[in-house]
Each structure stands twice: as structure tokens, then as C-alpha cells.
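Enquirer: Following this message is one structure expressed as C-alpha cells.
The values are calculated or read from the model by the stated rules, or taken from the named source; none is laboratory data. Here the structure is a predicted model, which is why all the values come from computation and not from measurement. All Cβ positions, glycine included, derive from the backbone under ideal geometry; neighbour counts span all protein chains shown. The area values use the complete protein model at the heavy-atom level, side chains included, leaving out ligands, DNA and RNA. Shrake-Rupley method; radii C 1.70, N 1.55, O 1.52, S 1.80 Å.
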Amino acid sequence: MHKNLVDASPWILRFADAVPDKGTVLDLACGGGRHGRFFLARGQKVLFLDRDIAALSDLAETPSAELIEADLETDAGWPLADRLFEAVIVTNYLWRPILPQIVSAIAPGGLLLYETFALGNEAFGRPRNPNFLLKAGELLEAVSGQLEVLGYEHLQLDTPSPRVIQHIAARRPS
Ligand SMILES: C[S@@+](CC[C@H](N)C(=O)[O-])C[C@H]1O[C@@H](n2cnc3c(N)ncnc32)[C@H](O)[C@@H]1O
């Protein structure tokens, strides 16, 4: 099996086919870019953004990969101006002040795929700080009145290790 497929979150893979195949996917706070790399391998343009893009150096010459090194948590605010994306993918990252900008960055017909740790995870390990744990219904509230919810869960998963997560897949009407 391809490494990107092994590394990817099952939640992101589950909704991957619903992502419009034109336009650009944004992998936000992407780390090594496991999800952006998956969409890149499917022939999609991908913008990878992280405060440290050292792990993406192998993509520097890939025409369909755009790399942006930016800190999302400064007073400078959202670094992508009014750009719109066919999908915005956020996994294992939370900075509440930019949730409105993340939702606004979804193009008509585009998807938000978001999955990160949630309240309840503090019983199992890091993150334990409530600043980094989604509250019950928080992602539903973030998209309310703007995106149509395709799927949402707040649950404990036990494999490969116990954790509590929340995830959402939601689409902006065309
Ligand atoms: C736990 S990793 C998740 C990486 C990736 N999304 C994944 O699931 O594989 C969190 C990522 O958020 C990035 N990050 C943390 N604070 C950030 C900030 N202020 N601005 C941009 N990226 C940040 C880190 O550099 C790291 O790559």
C-alpha cells in the first residue's frame, strides 16, 4: 500500500472522493504533509502551510505543490488573504482564533475536513490543555449556517492508542 495511504487519517480518506478534483487543496499546519501528499499523488494542486516546512523540502521542485512557511498564531492574522480552496484539511492542530478564516477559505462546492483532539483526551495523554481540545459540538458550531455537514463525530478511539477526537466533513453549497 502507498505510504501516504497508510499515514493518512481514515476520516480524511473516507471523504477524499468528495473533494472536487479541480482547484487547490490546502493542508494547514501540515507537518510532514501526509494528507497534502495523498491529494498530490491523486493529481491535485496542494498548498502546504506550516510554521516549519523543513519536512517538505523534497517537494520544493514539484510544480503542483506550493509551500508556505507561516506562523498562524501571530497578530499578523490569516496569511492567505482571500484565497479559496476546494478542500481545507486540518488534522491534529487547533488555534481557535482562525476557525472563522478556515471556514471562509472553502470555495463553493468545496470541503472542510477537520480532525483533532477533543475534550476527554486529557484522560489519556497530550494534549491535555483545553486550549488545544475541541469542546462538544465546536466544529459543528464553527460551520453552522455556512457549510452542509456530511459527517461529524466526537468519540474515543482505541487504536493505535486511546484518544478522544472530534472530526467533521462539511461542504459549502455550490
Ligand atoms: C501535531 S502536528 C500535525 C501535523 C499534520 N497536520 C498531521 O496531522 O500529520 C502539528 C503541526 O502544527 C504546526 N504548527 C504548530 N503551531 C503552528 C503555528 N503557530 N503556525 C503554523 N503551524 C503550526 C506544527 O509545526 C506541526 O507541524
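Enquirer: If the only charges are +1 at each Lys and Arg Cβ and -1 at each Asp and Glu Cβ, what is the size of the charge dipole of region 3-171 around the Cα centre, to the nearest 20 debye? Don't jump to the answer; show the numbers that get you there.
Expert: Working: 15 positive and 22 negative charges, 67 e Å.
I would put it at about 320 debye.
Enquirer: Just the number, please: carbon plus sulfur as a percent of the accessible area of the chain, 1.4 Å probe, no ligands or DNA/RNA counted. The partial results should precede the final answer.
Expert: Values: 4500 of 8760 Å².
Heavy-atom surface of the chain belonging to carbon and sulfur, 1.4 Å probe: 51 percent.
Enquirer: Here is a follow-up. Per DSSP H run of n ≥ 4, the term is -39500 (n - 2.57); total these for the chain, divide by its residue number, and report the mean residue ellipticity at 222 nm rounded to 500 deg cm²/dmol.
Expert: About -4000 deg cm²/dmol.
Enquirer: Let me ask something else about it. What does the charge add up to near GLN146, with Lys and Arg as +1, Asp and Glu as -1, over the other residues with Cβ less than 15 Å from its Cβ?
Expert: Values: positive: ARG171, ARG172; negative: GLU138, GLU141, GLU148.
Net local charge, GLN146 excluded: -1.
Enquirer: With every protein chain kept in place and ligands, DNA and RNA left out, what is the accessible area per residue of region 3-171? Probe 1.4 Å, answer in Å². All intermediate terms of the calculation are to be shown ahead of the outcome.
Expert: Numbers: 8230 Å² over 169 residues.
Each residue of region 3-171 exposes 49 Å² on average to a 1.4 Å probe.
Enquirer: Starting from region 40-148, pick out the GluC sites (Glu not before Pro) whose DSSP state is loop and whose Cβ has at most 12 other Cβ atoms within 10 Å. Mind showing how you got there, number by number?
Expert: Values: sites: GLU61, GLU66, GLU69, GLU73, GLU86, GLU115, GLU122, GLU138, GLU141, GLU148; in loops: GLU61, GLU73.
Filter output for region 40-148: GLU61, GLU73.
Enquirer: Note down the net charge around CYS30, summing +1 for each Lys or Arg and -1 for each Asp or Glu among other residues with Cβ under 13 Å from its Cβ. Let's see the in-between values first.
Expert: Values: positive: ARG34, ARG37, ARG51; negative: ASP7, ASP27, ASP50, ASP52, GLU66, GLU69.
Combined, the nearby Lys, Arg, Asp and Glu give -3.
Enquirer: Another question about this same structure. Within region 124-174, list the trypsin sites (Lys or Arg not before Pro) lying in a DSSP loop whose Cβ has at most 14 other Cβ atoms in a 10 Å radius. Show your work: numbers first, answer last.
Expert: Working: sites: ARG128, LYS135, ARG163, ARG171; in loops: ARG128, LYS135.
Answer in residue order: ARG128, LYS135.
Enquirer: In µm²/s, what is D for region 5-132 at 4 °C and 1.567 mPa s, where D = kT/(6 pi eta Rh) by Stokes-Einstein and Rh is the Kirkwood radius from Cα pairs? Don't skip to the answer; put the middle values down first.
Expert: Numbers: Rh = 15.1 Å.
After rounding, the answer is 86 µm²/s.
Enquirer: Hey, another quick one. Relative contact order, percent, of the chain when contacts are C-alpha pairs under 8 Å separated by at least 6 residues? Before the final figure, lay out each step's value.
Expert: Values: 342 pairs, mean separation 31.6, N = 174.
That works out to 18 percent.
Enquirer: Tell me which residues come under 5 Å, amide H to amide H, from LEU94 once H is placed; ignore anything under 5 positions away on its chain.
Expert: Excluding prolines and chain starts, which carry no amide H, there are no hits.
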